[in-house]
Amino acid sequence: MKIRTLIVVTLLLVLALSAMGPARAQDVELRILWYNDGIEGQIMRDMLDRYQEANPGVSVVLDEVAFADIHNILQTAVEGGDAPDIARITQIPRFRDYYLDITPYVADPAYWENSFSPFAQASMRKGPDDTGIYGLLNQFTVSAPYINVTLFEQAGVEPLGEGATWEEWVAAAEEVQSVTGVPYAVAIDRSAHRLAGPMISMGAVFFNEDGSMTIDNEGFRAAVNMLIDWHERGITPPDVWVGSGDQYVAARDYFVNGELVMYMAGSWLINGLVNDIGDTFDWAAVPNPTGPGGSTGMPGGAGMVALAGTDHPEEVGKLMDWLAQPEQMTEWFARTLFLPSHLALVESGVEWTGNDPANPPDPKAVAALDVFTTEIGKLAEEAYRLQYSPLIDAFNINARDRIGQVLAGELTLDEAIARIQEAVDEAFAALQQ
């Protein structure tokens with residue numbers, strides 16, 4: 001009897017272990033290399049938890065690191081053969097040799113082609129003949145100006161609208177500065193990305209048919225000369241561009257402190273302005289000034305890319321496909337207050353809810369988000385080409401620093417253009433090898 005009982009127990013144990021074996025073999029853990037600008041990690045975690053409930057064999061881990069470190073961490077990982085399954089990054093062209101084509105694992109490849117910017121998708125691809133799907137741009141940004149509405153009201157000056165040029169906007173800002181006595185009329189971050197919008201609106205065309213760049217063009221010179229003029233007349237804070245070394249510098253604090261009438265920045269500042277300005281003064285985003293190249297800022301943002309080193313390509317592809325669907329896209333943008341990268345949502349608009357139903361978004365934030373969403377539809381093709389070109393880093397870094405040297409009196413504009421051209425030519429030559 002005891003032997004029979006032991007046999008039965010043993011058989012039950014074997015059956016139980018056999019049942020557990022295949023289930024454990026099917027368990028998949030996906031890791032996402034992630035950074036946070038704010039609370040979007042909480043929102044992504046909430047969405048991933050729902051995905052896991054619907055797909056019990058899959059678990060997803062967010063490995064959070066600082067934004068300043070994420071690209072170097074990913075570079076080390078992919079070169080060392082230890083890449084994550086997915087990564088959230090902004091320097092999308094930089095890693096395109098390491099991406100996984102998820103086309104075989106998405107339900108409808110045509111949906112991806114029709115729903116997201118072809119320029120963003122091209123930035124992940126290895127060339128014009130590559131039609132793969134490698135990632136999801138799910139945080140879009142646009143550069144455009146902010147104004148201090150309270151200062152305009154105090155000065156009795158009506159803010160300008162669609163169709164106004166940079167010259168007209170600066171003249172209006174100077175009038176406000178003169179009447180109210182604030183230190184500065186206008187500023188733009190020490191960033192070639194921020195200055196590229198005015199360059200293109202003033203007529204800059206950078207790219208040749210072979211993908212190389214020509215820096216010396218009318219729009220480039222016009223925008224830089226405008227910046228030089230601001231400094232010579234003392235209507236912009238000099239320490240942003242002059243004496244800043246080889247680094248990005250923002251003019252944000254001047255705007256937040258009420259010392260600046262008009263500030264060229266972008267949509268990524270909205271939540272920070274709400275928190276830091278509070279009720280001190282009213283502010284608003286305004287349309288990009290116009291010119292021969294149109295009314296355009298620069299696109300930007302972050303994407304989630306699939307890495308070819310994954311052991312679970314099908315699960316990665318299915319997760320990315322789920323995140324890309326309209327229901328998830330709508331929730332993501334509404335809760336994060338990120339501008340939509342999904343073309344249908346750009347067209348229809350987003351009902352901005354924020355992440356806490358008890359605390360709806362500030363009306364100034366909602367108004368700014370609506371302005372920036374409209375700006376997406378106005379972005380020039382040249383702005384997309386520049387942002388998603390593999391030459392973007394060579395351009396941004398060298399244009400920023402050489403223009404800074406012009407403003408500091410260390411280079412002439414002609415000398416700066418020659419040095420920027422040399423840098424982008426070297427980068428283009430490296431791509432041909």
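Read-outs throughout are calculated quantities, based only on the coordinates presented, and are distinct from any laboratory measurement. Everything quoted here is computed from the prediction, not taken from an experiment. Because the Cβ atoms are built from the backbone with ideal geometry, glycine has one as well, and the counts that use them run over all protein chains shown.
A few remarks follow.
- About its Cα centre, the dipole of the chain is roughly 1280 debye, where the only charges are +1 on Lys and Arg Cβ and -1 on Asp and Glu Cβ.
- Along its principal axes, the stretch 364-405 has C-alpha extents of 37, 23, 12 angstrom, given from the largest down.
- Debye log10 I(q)/I(0) for the stretch 239-395, one point scatterer per Cα, at q = 0.11, 0.12, 0.16, 0.21 Å⁻¹: -0.58, -0.69, -1.14, -1.45
- The chain, Cα convex hull volume normalised per residue, Å³: 171
- Sites Arg419 and Glu381, calculated FRET efficiency, Cβ-Cβ separation with R0 30 Å, nearest 0.05: 0.65
- Distance from the Cα centroid of the stretch 75-105 to that of the stretch 410-433 is 28 Å (rounded to whole angstrom).
- Cα centroid of the stretch 255-317 to Cα centroid of the stretch 319-348, whole Å: 16
- Here the stretch 214-278 is treated as an ellipsoid with the same Cα gyration tensor; its semi-axes, largest first and in whole Å, are 25, 15, 12.
- Translational diffusion coefficient (Stokes-Einstein; Kirkwood radius from C-alpha pairs) of the stretch 305-395 at 25 °C, 0.890 mPa s, in µm²/s: 158
- Across the stretch 96-166, Cα-Cα pairs more than 14 Å apart make up 70 percent of the total.
- Based on the convex hull around the alpha carbon atoms, the stretch 346-433 presents an average projected area of 9.5 nm².
- DSSP loop GluC sites (Glu not before Pro) with at most 10 other Cβ within 10 Å: longest gap in the chain: 1-208
- Using every pair of distinct Cα positions in the stretch 22-138, the Kirkwood expression returns a hydrodynamic radius of 15.8 angstrom.
- Quotient of C-alpha Rg and 2.2 N^0.38 Å, computed over the stretch 49-199: 1.53
- Simple rule: put +1 on each Lys or Arg Cβ and -1 on each Asp or Glu Cβ in the stretch 236-348, find the dipole, and look at Thr290, His312, Ala265; the Cα lying farthest toward the positive end is Thr290.
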